[in-house]
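Structure, as structure tokens:
What follows draws every value from the coordinates through simple rules; no lab data is involved. All values derive from a computational prediction rather than experimental measurement. For neighbour counting, all protein chains shown are included, and Cβ atoms are generated from backbone atoms with ideal geometry for every residue, glycine included.
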Amino acid sequence: MTKTHSQNVIVFIGGGIIGLSTAYNLAKRHGTHIKIKIVEAFGKTFTAASSTCTGCINYGFTRDLVQLIGLGKYSFDLWAEEAQRSTASSNGFIQLTGYRPRSCFGIEPEGNGQGLDLLPDWVRRSSSWNVDDQVLGAHTAMVNPIGVGEWITKQCLDLGVEIQTGVQVVDITLSPENQVQAVTCVKKGTGGENCPSLTRIKCKQVVLACGPWTPTLYRTLFPLSPIHLQWNTDAGDWAEWENPCPTTQLTTAFVSFAHIIGEKLEFAARNNGTIWACGRRNLTAPLPPTGQMDKPDPSLIQELNDRALEWINWGCRCKETTHRQLQILSSGRAFRPASKTGLPIISEVPSPDLTGGGCSGDGSNQSGVFVCWGHGSYGLTLGMGSGKLMSQLMSREKTDIDLSLFTLGGSQSLHGDDGGNTGAPGKL
């Protein structure tokens, strides 16, 4: 049986950093004049890569990603404005996120101890190191991603955004002119396979912002579309421990050991008393089905644990803790929504491209279907900026920065095979 909602709303598919940031900015712009509904396949918002990341905000992009600097600075400044607003109004941003500027450091193994005083107490130091306080550029900040999720979810709810979790979108209804009219959703654990409980939501716009599952969902919803979202598998196994040092503002910091071991290795302490770490990338892991997490490689988790034992100052609090057993609080695997170009997509899908033919009745090619995806490792860094720009695009307003680099059919290569590397996208 299908239930139908008669409201004309805007539907966001995905409740991670991108979906929530866009909904937050859109709700601030329009207030109660529009109805915003977020549907999230996981049992809660901010579950996948949004919460299982280091928590760095920066725009020190180099080499192939210099095209992201403008968007990165725009987004960085918006996060800083939220921190300033929090100081003035006590909206909880700093308290929940632990926002701390200029808190990212890199270890250079061949040095003379320069900059060691910049490191937090939880790092076991060596006099042969130098510390680079611009390893991610001159403008950095650290946040607790879990706190960011709590904060922005609350902001959305306070602004009247409706959030449904454990819900998957299985169909989109288009008009003869290829404009969105409704989405059909199914809630997990209801109805059974033979008689699923469906909900049809009438809407005027839909945003696909479901992280690494976006290409698969797009192909499922629009099988005739000539657009193929080009993606790469980019997974990372992570682990988390209790911070042995007292939690203070100076505890919150990012420390990279990549220059010591010659590959990605990051430790980040958060304002909730934990230390999070991620090692090298996994470029072949298959993406799990929508709404499901994948298990990490036990050998990689053991490797992270060995590195933590080597470089975290486990005897920080008192002598009795020096030889205590190191215990992992949690571990997992995150799949980053990586596009093949390395650039995100912040774009409306032209109406002819939804089915390979037809156009909107007014000749504008406005379909009401938007894609905000492909931020890779920089979802938090770029999230607030992408969300605000997308909200402007959806409002048919001039965007604060030029989006031509991030537009479907622009500089993006989007036609042909939508598969990644050997890790094929999971089934819906």
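Excluding Q249 itself, what net charge comes from residues whose Cβ is under 13 Å from its Cβ, given Lys and Arg +1 and Asp and Glu -1?
Values: positive: R100, R102, R270; negative: D121.
That sum, taken over residues with Cβ under 13 Å, equals +2.
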Greater than 19 Å apart at Cα, pairs in K37/K73; K187/K388; K204/K340; K44/K154
K37/K73; K187/K388; K204/K340
Rounded Å value of the spacing that divides the Cα centres of region 22-50 and region 227-252
23 Å
Taking just the alpha-carbon atoms of region 106-231, what radius of gyration and Dmax come out, in angstrom?
24.0, 70
Contour minus Cα-Cα span, N8 to I401, at 0.36 nm per residue, comes to 138.6 nm
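Only sites in a loop by DSSP and with at most 16 other Cβ atoms within 10 Å count here; which chymotrypsin sites (Phe, Trp or Tyr not before Pro) in region 61-126 make the cut?
When the chymotrypsin sites (Phe, Trp or Tyr not before Pro) of region 61-126 are filtered for loop state and at most 16 Cβ neighbours within 10 Å, nothing remains.
Given 4 °C and 1.567 mPa s, how large is the Stokes-Einstein diffusion coefficient of region 9-96 in µm²/s, with Rh as the Kirkwood radius over Cα pairs? List each step's numbers first, then the result.
Numbers: Rh = 15.1 Å.
Answer, rounded: 86 µm²/s.
On full extension of the chain, what length is gained from T355 through S128, given 0.36 nm per residue of separation minus the C-alpha to C-alpha distance? Before the final figure, lay out each step's value.
On the way: separation 227, 0.36 × 227 = 81.72 nm, distance 6.08 nm.
Net length gain for the segment: 75.6 nm.
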Which order do the peptides 304-313, 39-48 come out in when sorted by mean C-beta neighbours inside 10 angstrom, highest first?
39-48, 304-313
Counting every Cα pair in region 216-271, what percent are over 15 Å apart?
69 percent
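Please work out the Cα convex hull volume for region 60-154 and give it in Å³ per residue.
Working: hull volume 11.7 nm³, N = 95.
Per-residue hull volume (Cα only) is 123 Å³.
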GluC sites (Glu not before Pro), restricted to region 205-302: which are DSSP loop and have at most 15 other Cβ atoms within 10 Å?
E263
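How much net charge surrounds E263 when only other residues with a Cβ under 9 Å from its Cβ are counted (Lys, Arg +1; Asp, Glu -1)?
+3
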Take S89, project a point 7 Å from its Cα along the Cβ direction, then tell me which residues of region 157-190 have their backbone nitrogen under 15 Å from it.
157-160
